[in-house]
Amino acid sequence: MVSDEVLRTHLQELRRGTIVVASLVALRRPDYGYALLQRLAAHGFAVDANTLYPLLRRLEEQGLLTSEWNTEESRPRKFYRTSDDGERVLGRLLDDLTAVQTSVTQLIEGVGR
Amino acid sequence: MSSLTDRYVAATLRTVPAPRRAELAEELRASIADMIDDRTAGGQDHGSAEREVLTEMGNPEQLAARYSDRTLQLIGPRYYLLWWRVLRTLLTWIPAIVGVVTGVVKATVGGEPGAAIGAGIASALQTAVQIAFWVTLSFAVLERTRAPLGLPEWTVDQLPEETHERQISQPDSVASVVFLLGTVGVLVGQHFQHWAGGDGSRLPVLDPALWSFWLPALIAVLLATVGLEVAKYRSGRWTWPLVAVNALLNLAFAAPVVWLLLTDRLLNPDLIERFAWLREGGADDVARIAVVVTVVVAGWDVIDSAVKAVRAGRR
């Protein structure tokens, strides 16, 4: 039996890129950092706050997200939204994710035969 | 007193580039407040919720590094191998050479042979520390500036010739070179040594008359042997031409030494004059022992090199 440590590292590797995909999908509906964190967690994307917040800013710098301050509520919050560029990149990422899934399925069937 | 959150935000912003600070501060503060609210809504008191949230956010310096996309390593995978190679190459030769040169200078020009070894080791260590520091610093700067070095990509042509292990190891070669240069240093140094002490007269161990030809010749042979060591290291193993040169050099060193010893011309006559036990036959004993040692060492070295050449040829 492999150790939990080994398993955890492999799962981490597998999940690393999916947080970007999940964020770009979720932010088609504008949201602020902590709310996004909770939405992602509710959908099975457990991500640490200290990873997600810097990631959002990086995606914003890359032009994949746009942001806007909302001062209407009790405290001012920065809302992020997936930009047009972000949507295009997301499209490519989703295609690739599907391609990987397809390849894995084919591989499994091929080995099974 | 400022709150934990204030202190946390301040600590994070300290190492974030200035233009983004104000906005980042506000966002980070709001995010932390949201997380705390979420916990206090569940009945937790504000103080412990704040502690918990900030603990979850982790070391502010690490968070700041993530915000500014900074590396948290001195030298990353991009430069590590190059750094290690440069460091290894420089540390192999330079400290040893500097140490020997310093020792020789101390013994000859400085006239303090007793302090030569200590001075040599100290300067070799100092040089090694300096090299390690400056090379590492340069690469750490490169890592941070992400300066492209434009180095050629690795190609298969860079693969080492031999697939087996080297017969001639780097430490061995370095030790040999240091020993040879050290011997040259001793030959030169002994001429200036206050060996007899007391009256302060300079009394070399070897006959100063030998400087007219034999000592320079022996030193030349030793230096040629340094060249052989380098050639041997580059080849990685003993080859027959190397064995032949090695035999020749051994002969060129041992034969004159033996001849000088047997004809009582090696030791300084003044030295023999000064010590009773040397006068009364001691010098002959010293000569006989030295002859045997010289012949055995030289013979062994030649046989050893031949055996290794045979072994290298079999592979």
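No lab work stands behind these numbers, since they all come straight from the coordinates. Here the structure is a predicted model, which is why all the values come from computation and not from measurement. With ideal geometry, Cβ positions are generated from the backbone for all residues, glycine too; neighbour counts draw on all protein chains shown.
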Quiz item: Hey, rough spin-label estimate for residue B:263 and residue A:6, points 7 angstrom out along Cα→Cβ, what's it come to in nanometres?
Solution: 7.5
Self-check item: Quotient of C-alpha Rg and 2.2 N^0.38 Å, computed over the protein assembly as shown
Solution: 1.67
Self-check item: Furthest towards positive pole of dipole, B:286, B:271, B:296, structure part segment B:270-315, Cβ charges
Solution: B:296
Quiz prompt | Degrees separating the helix B:214-235 axis from the principal Cα axis of chain B, which is the longest one | solution = 40
Quiz item: Under a point-charge model restricted to the Cβ atoms of Lys and Arg (+1) and Asp and Glu (-1), what is the dipole moment magnitude of the protein assembly as shown relative to its Cα centre, in debye to the nearest 20?
Solution: 580
Quiz item: Can you give the angle from 0 to 90° between the axis of helix B:46-57 and the longest principal axis of chain B, with both taken from C-alpha atoms, to the nearest 10?
Solution: 40
Quiz item: How far is helix B:4-13 tilted off the main Cα axis of chain B, in degrees rounded to 10, range 0 to 90?
Solution: 50
Quiz item: When chain B is modelled as a GNM with alpha-carbon springs shorter than 10 Å, which of B:176, B:48, B:212 fluctuates the most?
Solution: B:48
Quiz prompt | Neighbourhood charge, 13 Å Cβ-Cβ cut-off, centred on residue B:54 and excluding it, Lys, Arg +1 and Asp, Glu -1 | solution = 0
Self-check item: Within segment A:19-60: backbone nitrogen closer than 20 Å to the residue B:72 label point (7 Å, Cα to C-beta)
Solution: A:19-20, A:46-59
Exercise. Quick one: net charge around residue B:229, please, counting Lys, Arg +1 and Asp, Glu -1 for every other residue with C-beta under 13 Å from its C-beta.
Key: 0
Practice problem: Could you work out the relative contact order of chain B, using alpha carbon pairs under 8 angstrom and six or more residues apart, expressed as a whole percent? | Solution: 13
Self-check item: Contact order relative to length of segment A:4-112, as percent, for alpha carbon pairs under 8 angstrom and 6 or more apart
Solution: 26
Self-check item: Most mobile of B:266, B:82, B:215 in a GNM of chain B (Cα contacts under 10 Å)
Solution: B:82
Practice problem: For an R0 of 56 angstrom, estimate the FRET efficiency from the Cβ-Cβ distance between residue B:138 and residue B:44 and round to the nearest 0.05. | Solution: 0.65
Quiz item: Based on the Cα atoms of chain A, what semi-axes does the equivalent ellipsoid have, where each is the square root of 5 times one gyration tensor eigenvalue, given in whole Å with the largest first?
Solution: 32, 18, 11
Exercise. Multiply the residue separation of residue B:80 and residue B:161 by 0.36 nm, subtract the distance between their alpha-carbon atoms, and state the gained length in nm to one decimal.
Key: 26.8 nm
Quiz prompt | Neighbourhood net charge (9 Å Cβ-Cβ; Lys/Arg +1, Asp/Glu -1) for residue B:246 | solution = 0
